[in-house]
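The values are calculated or read from the model by the stated rules, or taken from the named source; none is laboratory data. Keep in mind it's a predicted model, so treat the numbers as computed, not measured. Don't worry about glycine lacking a Cβ; one is built from the backbone with ideal geometry, like all the others, and counts go over all protein chains shown. Heads up: the accessible areas ignore ligands, DNA and RNA and are worked out on the full protein's heavy atoms, side chains in. Shrake-Rupley method; radii C 1.70, N 1.55, O 1.52, S 1.80 Å.
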Amino acid sequence: MIQFESVSKSYDGTHRALDDVSFRLAPGEMAFLTGHSGAGKSTILRLLLGLEKASTGVVRVAGQDLSQLSGETLGRYRQRVGTVFQDPNLEMDLTVFDNVALPLRIAGFAEQDIAKRVNAALSRVDLNDRAMDKPHELSSGQQQRVGIARAIVHRPALLVADEPTGNLDPELSARVMRMFTQFQQLGVTVLVATHEQAVVESLPFRRIVIERGRLRADGSAR
């Protein structure tokens, strides 16, 4: 599903955020992307989302060379990738239902199909009973679950998460990670970037460790 082949990324021709990074994730695999703040994790995610292009090397997702995508083709690719951030960035004037429906409406889905997909996504995160609430009526953990529902509502083959538990207590963090595990069991490829060692240690998934822009370790849990 994901292939990084000797990928480097430089800014302004001087600062090298990534240096000759290579790794692969198989379809349906889940892995943690770990490392200190500023190690290069966010750069890897930005490359995967097509927000940046590699300076050298190749980034492929499902066989597609992302450097070859632009305009409409890049937009269609991004619609197939689910993204979860530390801050879910919900629209506070919209209901939970409409927040989750937003990417489907942007993509031009029919309202009947939107309703089915949104209800299914909210069911996955146990929030069917809060569909008509506004985000300010929810706890931080519930808001994060709305963000997850929005990320999976279009049934992506790839789910990318950037510090998804950074604002949550340990119990809520564990719940969110169980959700990611369930998505992986359904065949979704999941890559979770985090510097929280407790989260990484809690689950037996592969760890890809980035240090100062270089790949320092890549292996299964101890």
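Numbers below:
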quantity: Which of 147, 38, 89, positive extreme of dipole for the chain (C-beta unit charges); calculated: 38
quantity: Per-pair calculated FRET efficiency, R0 = 25 Å: residue 92 and residue 169 via Cβ, rounded to 0.05; calculated: 0.65
quantity: Tensor-based shape of region 1-94 (alpha-carbon gyration tensor, a/c under 1.5 rounded, otherwise prolate or oblate); calculated: rounded
quantity: Nearest 10 degrees, 0 to 90: helix 140-152 Cα axis against the chain principal axis; calculated: 80 degrees
quantity: Local electrostatic count at residue 133 - Lys and Arg +1, Asp and Glu -1, tallied over other residues with Cβ under 14 Å; calculated: -3
quantity: Pairs of lysines in the chain (C-alpha under 28 Å apart; 8 or more residues apart or interchain); calculated: 4
quantity: Accessible area of residue 139 in the full protein assembly, 1.4 Å probe (Å², nearest 10); calculated: 60 Å²
quantity: Distance-filtered residues of region 191-219 - backbone nitrogen under 14 Å, label point 7 angstrom along residue 20 Cα→Cβ; calculated: 213-216
quantity: Mean separation of Cα contacts under 8 Å, 6 or more apart, over the residue count of the chain: relative contact order %; calculated: 30 percent
quantity: Nearest 10 degrees, 0 to 90: helix 170-185 Cα axis against the chain principal axis; calculated: 80 degrees
quantity: Carbon/sulfur fraction of accessible area - region 47-201, other protein chains in place, 1.4 Å, %; calculated: 49 percent
quantity: Solvent accessible area, Å² - residue 93, 1.4 Å probe, full protein context; calculated: 110 Å²
quantity: Computed over region 150-193, the ratio Rg/Rh where both radii use C-alpha atoms and Rh is Kirkwood; calculated: 0.96
quantity: Helical mean residue ellipticity (222 nm; -39500 (n - 2.57) per DSSP H run of 4+; nearest 500) of the chain; calculated: -10500 deg cm²/dmol
quantity: Cα-based shape type of region 114-161, given that a ≥ b ≥ c are square roots of the gyration tensor eigenvalues and the cut on a/c is 1.5; calculated: oblate
quantity: Accessible heavy-atom area order of 105, 207, highest first, probe of 1.4 Å; calculated: 105, 207
